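Below is one structure, written out as structure tokens; comments come after it.
Just so it is clear, none of the values below were taken in a lab; they were calculated from the coordinates. Bear in mind that the values here come from a model prediction, so they are computed numbers and not experimental data. Methodologically, a virtual Cβ is constructed for each residue, glycine included, from the backbone with ideal geometry; neighbour enumeration extends over all protein chains shown.
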Amino acid sequence: MQRIGVFVCHCGSNIAATVDVKKVAEWALKEPGVVHAEDYPYMCSEAGQSKIQAAIKEKNLTGVVVCSCSPRMHETTFREAAERAGINPYMVEIANIREHCSWIHKDMEEATKKAVILMRAAVAKVNLNTPLKPGESRVTKRALVIGGGIAGIQTALDIAEAGYKVDIVEKTPSIGGRMSQLDKTFPTLDCSACILTPKMVEVNKHENVNIYTYSEVEKVSGFVGDFTVDIRKKARSVDMDKCTGCGVCQEKCPSKKTPSEFNRALNTRTAIYTPFAQAIPNVPVIDREACIKFKTGKCGICEKVCQAGAIKYDQEDEIITEKYGAIVVATGFDMIKLDNYDEYAYSQSKDVITSLELERIMNAAGPTKGHLERLSDGKAPKEMVFIQCVGSRCSDDRGKSYCSKICCMYTAKHAMLIRDKYPDVNVTVFYIDVRTPGKNFDEFYRRAVEDYGVNYIKGQVGKVIPQPDGKLLVRGVDLIDNKQILKEADMVVLAAAIEPNKDVRKIATMLTASIDTNNFLTEAHAKLRPVESPTAGIFLSGVCQGPKDIPETVSQAGAAAVKAIGLLAKDKLMTNPCTAKPDELMCNGCSQCANVCPYGAISYEVKEINDHGVRETRRVASVNSALCQGCGACTVTCPSGAMDLQGFSNRQILAEVDAICR
Amino acid sequence: MKYSYYPGCTLKNKAKDLDAYARASARALGFELEEIENWQCCGGVYPLGSDEIASKLSSVRALNEAKEKGQDLVTLCSACHHVIKRVNDDMKNVEDIRTKANNYMQLDEPYAGETKVLHFLEVLRDEIGFDKLKEKVVNPLTGKKIGAYYGCLLLRPGKILEFDNPENPKILEDFIRAIGAEPVIYPYRNECCGGYISLKEKDMAKNMCNNIVDSADGFGAEMLITACPLCMYNLKKSTDEKLPVKYFTELLAEALGVKEEVDKA
């Protein structure tokens, strides 16, 4: 028989205001095995933990139940406290009477009844708990960063600086990401390329960093500390070692009609191309869909003009398999498609553009060489209208429910830059709210209004109406004047919502990392573990976790790096002992458990079994406890009940159910 | 192919053309419009009062009659289509309205939105197919620059009408291409003509209609086509007929070579 102590936490008034904690402690003493029960305002505090430890020693406890908050919050805290007092940490169970009870109920009597039931279930389980001992697994001292934008670059640099090897996998031909497409950055207006390209060079030169561009993660297996990843290096059709980056192939390529991804399809590129001048690596790729040689077999001009002999039409995709201890996701974002917002005439008029397109237009290396001009007729605009929140903060399913966070600031930036460079251009901004929290952000926005005379109108736009003379009529509302506004404009700029990169779903599935309804990766705890995925060993960097500007992205990238370094610094990891274990006498070798195991942890072995004196050679299941994550899928699948989960055995769970139904 | 057909009052009076050309075109295209018996006025305006049942019953009767015949219900007038389609959606999805209407109607079998409601244009697009229509054209309207005028009733609310993308529709443009003419895209094609406001505030309707016609004219349209008798009335009355406005069925009949027989009759 166990000797169990029950400790009921008030959590200040979080629990005590709704649950009669004293009564829960009183009732606990009536439960079988319970020899001690007490309540305390903050069980997780130093004093609270000391009470548990004192009781363990004085009452010679063998098991502990803490009635408190979610085990995700403090299970580890209490288990460690118990271990220090000399009992096995797996003899401690939490009854969650906060999230599952006090926070969601109002009636004290009912809530107290429920808390007692939850306490009983936990006591019933502890009565059947057995000490468990975690195993050990090794840590591969190498990190993988998925995505080579500013988030991925910063994370990789920080990990590399700490002395660990890092690989970056970037799916496009160059690292740099969205930031490389930007012209100037807020709130200091320094040139994006000027601050990004040195970092690109640094990461490329770093002895601890290895970059796979034009590559994608194809398969991930293993677990924290010991991931095995297949990376598909797509055929570049150019030998990276031989190419000197002279660019002659691009000059001579006759296939020039592919929309340039880098310039948001505002102009075209050749079939053999580097996305932009400062690309790293400065080695072009051949877009086989556009290449005449690949389509018709004729051409071959790039091969002829390449003095280095670097063109390799017969190059094939290559799969690289590598082991990693930690994986950082930094897959970034894209602008939403504007198909659901035809009222803004984006698809009807060339002079209605997105903010990212404006970045390219304003950029000296962009399609208009940095001249602000209408894409329809090349004329300089006199009236510009910006529309905020296109697809952000949307209450129906046309757009996104969230605030994209960066648009207020970049719109103020665009407005200010235009007023500065072209003082004769009038700029009007339609907004719902101007949101500029952040260091020097509100001052920046006020400068746009007060010093640069940008006309901000609180209200939304209903329709952008292209006029026969090529102008655009913007029909909106001024909520402060309470009147309809008809404003003629030469160009309209839409602050389209941002959304996670399309590939993130695929990557999250490979990593078994969870994502939310908007496809942002979920953090392990919204406040306390914001750069870690709930899946151990997976870390989050940049906009893949939620909308962020550059300073925030860089901070989070550093934080993710620190978490990854903390993991890589360990030589060994304790493994979770709550793994599946087959009863070989009951196992009939049917393979059903292996079929459902998502981690490939179950295999079969043929061995001699002593079945009550009868020696037989049988095929039985065998669990690799290093791979098993304790999900329990096999235990419910096993038709003969041979598979059980340590720490969550069928008997323990049924005892809990019995206690609840009693 | 046989469809139940709901013409509506206006098509028996002011908009006889819209109806006659449609029937002749249907015959030419090989489908039959079987006018449902004893149909009543749809009310002209969808009643927005959520407790309003009486003014929805005529639509329910028409819908139920089509259901009993096992036919889809075809409409032509934008207003009738709008009312009947929305009432059908209520009968399918709003339990309160469904219960009250059925309690009142005492049908042999309760009606729960089973009938498929099709606008004549949807029959052309989804049942006949614009490519097939193109093959049947004997008198293509080559070179004619036509602006499609949708108005609002066919398009909105988009999720219930499910007619086309309300902000950037294309069904009428595709129709115009099928009969050999050239569609003119102009931004006011899905804007309201003013509807019944033309009775009360003539200036407002005038302003709205002139915006539509001037925009179409500016983008090079030689004429406008519509499916709605009220739009037709407003566009003509409020703009001094700056631009010819025709029912789309008239052009359809012309392209199919059956216009003259209708005009003679």
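Here are some notes:
- Couplings for the range B:140-147, taken from phi via the Karplus curve 6.51 cos²θ - 1.76 cosθ + 1.60 with θ = phi - 60°, read x, 8, 4, x, 6, 9, 10, x Hz in order; Gly and Pro are left as x.
- Between the exposed loop cleavage positions of chain A, defined as GluC sites (Glu not before Pro) in a non-H, G, I, E, B DSSP state with at most 13 neighbouring beta-carbon atoms within 10 angstrom, the longest gap is A:317-662.
- Sorting the segments A:433-441, A:533-541, B:158-166 by their residues' average number of neighbouring beta-carbon atoms within 10 angstrom, most packed first, yields A:533-541, B:158-166, A:433-441.
- Count of Lys pairs (Cα-Cα under 20 Å; at least 8 positions apart or interchain) in the range A:396-460: 6
- Shielding by other protein chains, B:185-191, mean Cβ within 10 Å: 4
- Charge sum, other residues only, whose C-beta stays under 12 Å from A:ILE159's C-beta, Lys/Arg counted +1 and Asp/Glu -1: +1
- Average beta carbon contacts from partner chains per residue of B:213-220, 10 Å cutoff: 2
- Mean projected area (nm²) of the alpha-carbon convex hull when the range A:135-181 is viewed from all directions: 4.1
- Taking amide hydrogens as placed 1.01 Å from N in the peptide plane, the amide H of A:PHE223 sits under 5 Å from those of A:THR228, each at least 5 positions away in sequence or on another chain.
- Over chain B: helical MRE at 222 nm, DSSP H runs n ≥ 4 each giving -39500 (n - 2.57), nearest 500: -13000 deg cm²/dmol
- Scanning residues 5 or more positions from A:ASN210 or on other chains, those with amide H under 5 Å from its amide H are A:VAL166, A:ASP167, A:ILE168, with H placed 1.01 Å from N in the peptide plane.
- Cβ-based charge dipole, the range B:2-120, positive-most Cα from B:VAL83, B:VAL60, B:ALA15: B:ALA15
- Karplus (6.51, -1.76, 1.60) ³J(HN,Hα), θ = phi - 60°, over the range A:16-33, in Hz, Gly and Pro reported as x: 5, 6, 10, 10, 6, 5, 5, 5, 4, 5, 4, 4, 4, 5, 7, 7, x, x
- Among beta bridges that DSSP assigns inside the protein assembly as shown, antiparallel share in %, nearest 5: 45
- Relative contact order of chain A: 13 percent, from C-alpha pairs under 8 Å at least 6 residues apart in sequence.
- The mean count of C-beta atoms from other chains within 10 Å of the C-beta of residues in A:147-160, rounded to a whole number, is 0.
- ³J(HN,Hα) computed for each position of the range B:62-72 - Karplus, 6.51 cos²θ - 1.76 cosθ + 1.60, integer Hz, glycine/proline x: 4, 4, 5, 5, 4, 4, 5, 7, x, 10, 6
- For the range B:113-216, the square roots a ≥ b ≥ c of the C-alpha gyration tensor eigenvalues yield an a/c of 1.5 or more together with a/b not exceeding b/c, which makes the shape oblate.
- For the range A:304-355, applying the loop criterion from DSSP together with a ceiling of 12 other beta carbons within 10 Å to the trypsin sites (Lys or Arg not before Pro) yields A:LYS337.
- Between the amide H of A:PHE386 and those of A:THR428, A:VAL429, A:PHE430, A:VAL493, distances stay under 5 Å, these residues lying 5 or more places away or on another chain, with hydrogens modeled in the peptide plane.
- For the range B:162-265, the number of Lys pairs with C-alpha atoms closer than 16 Å, counting only pairs eight or more positions apart or on separate chains, is 9.
- Summary of packing: across the peptides B:232-238, A:153-159, the per-residue average of other C-beta atoms within 10 Å ranks them, highest first, as A:153-159, B:232-238.
- Straight-line reach from A:LYS57: taking Cα to Cα under 17 Å and skipping same-chain neighbours fewer than 8 places apart, the aspartates and glutamates in range are A:GLU38, A:GLU46, A:GLU80, A:GLU83.
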